[in-house]
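S.K.: Structure provided below as structure tokens; questions to follow.
None of the figures in this text is laboratory data; all of them are computed from the coordinates on show. Just so it is clear, the structure is predicted and the values come from calculations on it, not from any experiment. Every residue, glycine among them, receives a Cβ derived from its backbone with ideal geometry; neighbour counts consider all protein chains shown.
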Amino acid sequence: MSDPSQEYRRNGWWRSETFLDDLRRNTVAFPDKSALISRRVADGVTDVVTYAELDRMTDRIAHGLVRLGVRPGDFIAIQLPNRRETLPLTLACMRIGARIAPQMPIYRHRELDFMIRLTEAKLFVTTSRIGHVDTAETGMTLAREIPSLEHVIVVGGDGPPGSLNFDEHLLVPEPGDPADLEGRELGPDDPFLILFTSGTTGEPKGALHSQNTLYADIKGYGEAFGLDDDLVIMTAQTSMHYVGLVMAYLTALTLGGTAVTADAWDAGVYLDLMSDHDVTMYYGSPPFAREISEEQAARPRELPALSIFVSGSAPVPPHLVERVTETLGVRVYALWGMTENGGVTMTRPQDPPERAGESDGTVISGMEVRIVDEDNKPVETGEIGALQVRGAAQCLGYYLRDEIYAKSITPDGWFDTGDLARDDGYGGVRISGRTKDVIIANMCLKLPVSDIEALLGRHPAIRDIALIGIPDPALVEQVCAVVTPSGEPPTLEDLRTYLKDAGVNDWFWPERLELVEEMPRTVTGKIRKVELRERFGAASG
């Protein structure tokens, strides 16, 4: 297989510049413009960081990291809520040639131990607590157990004995010697960012990205939505993963826009920030989108600047598209992507508004998608198959797991996403489920999981819906509907009648109904169907 990098550069998907070059350019062009607006929910303080301030913070932190002995190629592990320190710390690592390993807030000792050992991270940067968890104490325990981990640095206050204060050791006011930073800066193709998959099954894998693989995605989805330096983007997703860090923080930086966030999820706070700071674009997975629409319906805010509302990480049901448009008065777009490649497909402004509830969109520039059968042959139009992708935004591989990554790559360079999809009929794709999440209904038929979930999601008695397959000797798998009710719970017969009235073949009707108060979810908002299958499969023996 030939090296495609020259094509990527020729088409402008990869570049010779870096995110630090973007910072320098924006600092000169509009030094007083807000680069980042970050609310600390507990104390009600909103930190506003201008581009000039971001540049100074980046320089100070870079010198602080060098004083702590961080060398080019070292990993820095970060577990922070959405705070102002994350972006300058990320840029400072680029400045001194270090690499960052963000850790999602849900990770605890077991996951952190695995990821810090794998990367041999030298520093662990966190806050004293995230929610009800003493993250700094966990960090100190890890530092005693892992030889590579030399320091635990605590943001926003004092940590346990032996830890270092972020402001005192990294954000020092004195300028350092510029010579200390010479020759360290990462290039656009150097490995830079490792993002671990959610780990809903098996061992987490660390997708390794360069600045160029990230830039390719920013360029692709920025062009799709016509984004420019007027962008004021907000996301409820964590900055410890792709959406928050890349599609919000680094996208705003690249374009010269502004990123807005808060360190704890509260739909009311987020809507207030949208209104107060003229947010133009919001990104959130369907659960966050639903809560935003419910809060806006209960206490409406004026949102004159908001023009783009993107939802992804899971198929967006039609009723949610309608509800968000009704309550917020904004157009909804659907997006599909992965940790390994960012946002790959999305619905577009030129599409009909209702398309977001029917499709996961068309592919961005610089990327390709195809839907294939078990022999990697294209499926017939409308048939469900395995979704594969390739292109400029694809990650460099799995860190120290080359053999695992190689199993996901075809001889002609396509990455097997693990998702099932079909042609949406408009030149795009519609995600139908996971390869390991297929339900074989009535002994032989692959159930169009997402389509049936979208239909049932419109039922007035359903707040959340997940279809899972339960092993059944007579049927291969029994179709089980797991439902979080909205008000009076529905019965199984209610669901079957609803699908009958919608014209759904009775072969695809659920044979079983289970009710739950809340769905178990990954940090990106995807329902943990593996957990549901284990729970209800065990219950059925």
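S.K.: Rank-order 506-518, 231-243, 137-149 by packing density, defined as the average count of other C-beta atoms within 10 Å over each peptide's residues, highest first. Write down the numbers at each step before the final one.
M.R.: Numbers: 506-518: 14.7, 231-243: 24.3, 137-149: 17.2.
Highest-to-lowest ranking by the protection proxy: 231-243, 137-149, 506-518.
S.K.: (i) 0.97; (ii) 1.01; (iii) 1.10: which one is Cα Rg over 2.2 N^0.38 Å as calculated from this entry?
M.R.: (i)
S.K.: Given the peptides 519-529, 115-125, 366-376, arrange them by the average over their residues of other C-beta atoms within 10 Å, most packed first.
M.R.: Sorting 519-529, 115-125, 366-376 by mean packing, highest first, produces 115-125, 519-529, 366-376.
S.K.: How would you order 205-218, 172-185 from highest to lowest mean count of nearby Cβ atoms within 10 Å?
M.R.: Highest to lowest by the protection proxy: 205-218, 172-185.
S.K.: Here's a follow-up. Calculate the length of the line joining the C-alpha centroid of region 335-375 to that of region 6-46, in whole Å.
M.R.: 25 Å
S.K.: Still on this structure, I have one more. Tell me whether region 438-539 comes out rounded, prolate or oblate; compute the Cα gyration tensor, take square roots of the eigenvalues as a ≥ b ≥ c, and use a/c under 1.5 as the rounded threshold. Could you put the intermediate results ahead of the total?
M.R.: Values: a/c = 1.55, a/b = 1.06, b/c = 1.46.
Taking the square roots of the gyration eigenvalues as a ≥ b ≥ c, region 438-539 is oblate.
S.K.: Another question about this same structure. Once you sort the root eigenvalues of the Cα gyration tensor of region 228-361 as a ≥ b ≥ c, which label holds: rounded (a/c under 1.5), prolate (a/b larger than b/c) or oblate (the other case)?
M.R.: Here region 228-361 falls in the rounded category.
S.K.: Kindly write out, for region 25-34 in residue order, the coupling ³J(HN,Hα) from the Karplus curve 6.51 cos²θ - 1.76 cosθ + 1.60 (θ = phi - 60°), rounded to whole Hz, with x marking Gly and Pro.
M.R.: 5, 5, 5, 6, 6, 8, x, 8, 6, 6
S.K.: Quick one: Karplus J couplings for region 359-373, per residue in order, coefficients 6.51, -1.76, 1.60, θ = phi - 60°, nearest Hz, x for Gly and Pro?
M.R.: These are the phi-based 3J(HN,Hα) values: 9, 9, x, 9, 6, 6, 5, x, 10, 10, 9, 8, 10, 10, 8 Hz.
S.K.: Count the net charge of all other residues whose Cβ sits under 13 Å from the Cβ of Asp506, scoring Lys and Arg as +1 and Asp and Glu as -1.
M.R.: For residues surrounding Asp506, the net value is -1.
S.K.: Helix-only estimate, please: 222 nm mean residue ellipticity of the chain, summing -39500 (n - 2.57) across DSSP H runs of length 4 or more and dividing by its residues, to the nearest 500.
M.R.: Counting only the DSSP helices, I get -8500 deg cm²/dmol.
S.K.: Could you give the distance between the Cα centres of region 266-312 and region 484-541, to the whole Å?
M.R.: Between the Cα centres of region 266-312 and region 484-541 lies a distance of 28 Å.
S.K.: What residues have an amide H closer than 5 Å to that of Val260, excluding those fewer than 5 places away on the same chain, when H is modeled at 1.01 Å from N in the peptide plane?
M.R.: Sorted by chain and number, the residues that satisfy this are Ile37, Ile233, Met234, Thr235.
S.K.: Now a separate question. With both partners inside region 438-539, how many of the DSSP beta bridges are antiparallel, as a percent to the nearest 5?
M.R.: So the antiparallel bridges in region 438-539 amount to around 75 percent.
S.K.: Too long at a 22 Å Cα-Cα cut-off: which of Lys377/Lys526; Lys219/Lys407; Lys205/Lys526; Lys122/Lys205; Lys377/Lys407? Write down the numbers at each step before the final one.
M.R.: Working: Lys377/Lys526 29 Å; Lys219/Lys407 28 Å; Lys205/Lys526 17 Å; Lys122/Lys205 20 Å; Lys377/Lys407 17 Å.
The answer is Lys377/Lys526; Lys219/Lys407.
S.K.: Taking K and R as +1 and D and E as -1, what net charge do the other residues with C-beta under 13 Å from the C-beta of Trp14 add up to?
M.R.: Here the charged neighbours net out to -2.
S.K.: To continue, here is another question. Out of the DSSP beta bridges found with both residues in the chain, what percent are antiparallel (nearest 5)?
M.R.: 55 percent
S.K.: Want the number for Ala264 to Thr497: 0.36 nm per residue separation, take away the alpha-carbon distance, what's left?
M.R.: Contour length minus Cα-Cα distance gives 79.8 nm.
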